[in-house]
1. Output the relative contact order of the chain, whole-number percent, from Cα pairs under 8 angstrom with separation of 6+ residues.
2. Classify region 109-150 as rounded, prolate or oblate from the Cα gyration tensor: take a ≥ b ≥ c as the square roots of its eigenvalues, call it rounded if a/c is under 1.5, otherwise prolate when a/b beats b/c and oblate if not.
3. Which Cα, out of LEU172, SER272, LEU26, lies furthest along the positive dipole direction of the chain (beta carbon charges, K/R +1, D/E -1)?
4. Dipole magnitude of region 205-305 about its Cα centre, charges +1 at Lys/Arg Cβ and -1 at Asp/Glu Cβ only, in debye to the nearest 20?
5. Step by step: find N for the chain, compute 2.2 N^0.38 Å, then divide the Cα radius of gyration by it. What's the final number?
6. Using +1 at the Cβ of each Lys and Arg and -1 at the Cβ of each Asp and Glu in the chain, identify which of GLY42, ALA214, SER249 lies farthest towards the dipole's positive end.
7. State the antiparallel share, in %, of DSSP beta bridges confined to region 140-237, rounding to the nearest 5.
8. Count the DSSP beta bridges whose two residues both fall in the chain, then state the antiparallel fraction as a percent rounded to the nearest 5.
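Readers should treat all values here as calculations from the given coordinates under stated rules, not as data from a laboratory. Note that this is a predicted model, so its numbers are computed, not measured. Please note: Cβ atoms are built from the backbone with ideal geometry, for glycine as well, and neighbour counts cover all protein chains shown.
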Amino acid sequence: MSDYAVSINNVTKSFGSVRALDDLSLNIDSCIFGLIGPNGAGKTTLLRILLGLIRPDNGTANILGHSILDRPEDYLEHVGVLHENPYYPPLMTARQYLTDVGLLYPDQIPVDEVLALVGLSEAADRKIRYLSAGMYRRLGLAQALVGRPRLILLDEPTSNLDITGRDLVMRLIVGIHNEEKVSFLITSHILSELERACHQVAIIVRGKIVEKGAIAELVERHTQCRFRAISSDSWKLEKLLKGEEGIVSVLVEGSKSLIIEVSSDYVRDMESRLEKAANRGGIQFYGIEATGTLEDVFRRLVSRG
């Protein structure tokens, strides 16, 4: 039996002449895992295949050690899901709805416990139609949890939320993973959130996985030519660096910091070159630090196609 929460092998899926997934393979550990890609890259199609809603044209996948092509009921009772645009009965209360959902599972978490876990205890007896957008999302997490799953699939779990609501949902996901040992597969276009919460990510472009790994490793691998330079006068240092060999771009970030991108051949001696440039201009140079984000990695890989 596989040790992976999800193992996908050579999956292909087409809709007419459009190939949504192209011989895609991916192994996902028992962790918080992010799947990112541009619109139309195949993220939602992959989730639908994993949930047994559609079948692949070729290839297969295992969830929690069970093949998706055999008996879906063998694994689906251990899988929770939150779709991007869920609908819940507006005239029921949160407690009533979760009680009904719990009846579908042989081993359910007590409703009051689930409500407390997602911070909805005080709104438990409020009709769903009166829940705020953030509460509505947390109700979605609660219904995904009530069956005591080992894996939860989340499709854009923070869509339509403000920054406070998004932060709360992501902190809940991390807390649930740590406390309940639940694995998560999350799709999201808000990469800064995944960067804070996920242990690993995969980037999908045109139905293919183009990169996968721990976020820190991906950032180091794909943004090693990007630095933050700290000096006493960033505007003056910017002018000194204009036209310097090996400098790709210079962006003033603040009065004392610059973001500099250099050609790969010039990475090794960049700090000494910056120090010399600062000395020529009579300004103090304090050093450099590597900088880069998951969004930088994403843009670089998507631009390659």
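1. Reported relative contact order: 19 percent.
2. Prolate.
3. Result: SER272, furthest along the dipole toward the positive end.
4. Magnitude of the dipole: close to 300 debye.
5. Against the empirical 2.2 N^0.38 Å value, I get 1.21 for the chain.
6. SER249
7. If I count the DSSP bridges inside region 140-237, around 55 percent turn out antiparallel.
8. Taking every DSSP beta bridge within the chain, about 70 percent pair in antiparallel fashion.
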